[in-house]
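Below is one structure, written out as structure tokens; the observations come after it.
Derivation of every value follows stated rules applied to the coordinates shown; laboratory data play no part. No experiment lies behind these values; they were computed from the predicted model shown. As a convention, Cβ positions derive from the backbone with ideal geometry for all residues, glycine included, and neighbour counts pool all protein chains shown.
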Amino acid sequence: MRKVIHSLVKHSGFLFLLLLSFNLTLEAASLPAKEWVEKLDKGDVRDSKPVAKLVAFLSTLDSSGAEELLKKIEAEGSSSGNLFQLRLLHTRCWYLQDHNQPYGVEKLFPLLEKMTQTASESGDKELIAYASWVYGSLMYSYKQMEPAVTYSLKAVELYAKLPPFTRLHFYYSTLGEMLFHTHEYPKSIRYTLIGLEHFKATSIKALILKTKDLNTIGQGYQHLGLQDSALYYYRLSYNLADSIGHEVWKGINASYEGQVCFDRRQYDKARSLLHYAYTINKGREYGIAANSLQWLARIHLLQKNTDSAAICLDEALRLLYSYGKSNSIQVADYLQGVYATKADLHRMQNRPDSVEYYQDKYMSLHDSLQRVATLSSSQMALLRIDNERNQYLIQSVKAEKKQVEQKRNFIIIGISLLAVIITLILIRQKEDLKHRTQLVHYEKKKLEAEMAAAKDKLELFTQNLLEKSTLLEQLQTELRQKELTNSQQELLTELTNHTILTEEDWNRFRSMFEKVYPGFFMRLKQLTPDITLAEQRMAALTRLGLPSKQMAAMLGISVDGVHKTRQRLRQRLQVDGDTNLEQYLTSLEA
């Protein structure tokens, strides 16, 4: 039975490629490297059809042509994503396996390691599960049980955390079979049962796989000594095989059911089942036929029928030796059983040399199988620990890389924020400058308006004084030409003694003058600190360009007094007689 299982696993890729090659070769021959890249770089990661199509086409080429195409595809897809990279590596592994098995496993390791590393660095659970399953299933085809179980178990555990898919039952089923060969019977049963829970397909091929799963569970229970459970699953497997007309699997289940009946000392029933199993599989599944003969020989030995037992055992050895130097664990297991029964036969025939010979062969093969199982279990643990350590290192590198990226991003963000702040400050300063410029412009306009208003007020004030002085002068002239009454004479005296420009008038005049000519009096004081108030008034009226007569009227003095005051002002300012006093005073504003 195990030969069927191993054959299915070993040649599943080849059979799939054979079916595909007939309708894909012509199509693939016209595909350039670019289109192969597109096919490998899209679709569901669990879909192996793109890889199978490429491997089918590569199988139509010679080795140099296949390698040349693979290099072109690799170059064309150098910038593609992780899915493309993994599928291309998977293609190389599959192609190597089909053209080198049972040799060349050492060539697969670098490719498989690169697959798992690429997937792990991506952080994508589906890609990691995909790479792990490829690693495990390829190692199983080479009977490398330690990496086979380690990576297949990792893949199944990851797939269990992802949404279910159609072929999930196949992954559980295959893992269950692997664990059976490493004598992990409880785990084998558990994962195979989980696979049956996910079983949805109804095709003949799928039902054959289900038949095998039920048989695997039965064998697991039989090795654990749970005969009732073993018989239950053998009957389920037999009935399913019968419903689809699969004689080989009917014979396989009959053989194992016969062994259970033997353990229960139901020898007649066991003989019937084992003979049926041998008859069905002697030309199909040699291992099952040989194992059935070995159990029939045990029944003959119990009945002291040594001749019949010898015939059964010789035929069993012939069938098992037909496998050649097979590396099948199942074939080795069947062979050790035949050696043990052969030793019992010769012991019954009192042939000590032959007993020793077959006993030694049995012990050698038995110890070898035990070492494989024990070594597989211990190495699986070590591989798992090592695998987890590698994952931790990869995650640590990724975390460190992420921290560096975060630090760089923080620096970039900090620089960007600083640039924004500086920009905002510059904009604010520009706005403030603009505002201050507008304010200065406004103040300038306001000052110009105030100066203009003050000038108008000064001119109006001066004009009023002039009009007042003129009116008074006219009045005095008229009064001189008339004979005055006493009351009129008193009024004339009062007007004559009255000062036209009062202190209050002067203060008002000075205030308005300063607005029109800012700093005029301050510069006078700087030039001549001891200048008198009368001289200041004369300087201001001179700056206004008023005639002497008007000045006299405004100041309440005579024209001659105006000339004298102006002369003292010239001396005070040290201005000679050739210089125009009004122009000099104007120059003080610069």
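Rounded to the nearest whole Hz, the Karplus-based 3J(HN,Hα) values (6.51 cos²θ - 1.76 cosθ + 1.60, θ = phi - 60°) of the range 227-243 follow the sequence 5, 4, 5, 4, 4, 4, 6, 5, 5, 4, 5, 4, 5, 5, 5, 5, 5, with x at glycine and proline. Projecting the Cα positions of ILE208, ALA230, CYS261 onto the charge dipole of the range 195-285 (unit charges on Cβ atoms of Lys, Arg, Asp and Glu, taken about the Cα centre) puts ILE208 furthest along the positive direction. Checking every one of the chymotrypsin sites (Phe, Trp or Tyr not before Pro) in the range 69-114 against DSSP loop status and a limit of 16 other Cβ atoms within 10 Å picks out TYR103. Taking a ≥ b ≥ c as the square roots of the eigenvalues of the Cα gyration tensor, the range 259-350 is classed as oblate, since a/c reaches at least 1.5 and a/b does not exceed b/c.
Using the per-residue mean of other Cβ atoms lying within 10 Å as a proxy for protection, in what order, highest first, do the peptides 270-282, 247-259, 405-417 fall?
Working: 270-282: 21.4, 247-259: 24.3, 405-417: 10.0.
Ranking the peptides 270-282, 247-259, 405-417 by packing returns 247-259, 270-282, 405-417.
In terms of its alpha-carbon gyration tensor, the range 499-587 comes out oblate; a/c meets the 1.5 threshold, while b/c is at least as large as a/b.
With θ taken as phi - 60° and the Karplus curve 6.51 cos²θ - 1.76 cosθ + 1.60 applied, the whole-hertz 3J(HN,Hα) list for the range 54-63 is 5, 5, 4, 6, 4, 5, 8, 9, 6, 4 Hz, x standing for glycine and proline.
Label-to-label distance, ALA160 versus HIS435, with points set 7 angstrom from Cα along the beta-carbon direction: 6.9 nm.
Can you give the extra length, in nm with one decimal, that the chain gains between ALA419 and LYS444 once fully stretched, where that is 0.36 nm per residue apart less the Cα-Cα distance?
Numbers: separation 25, 0.36 × 25 = 9.00 nm, distance 3.64 nm.
In short, 5.4 nm is gained.
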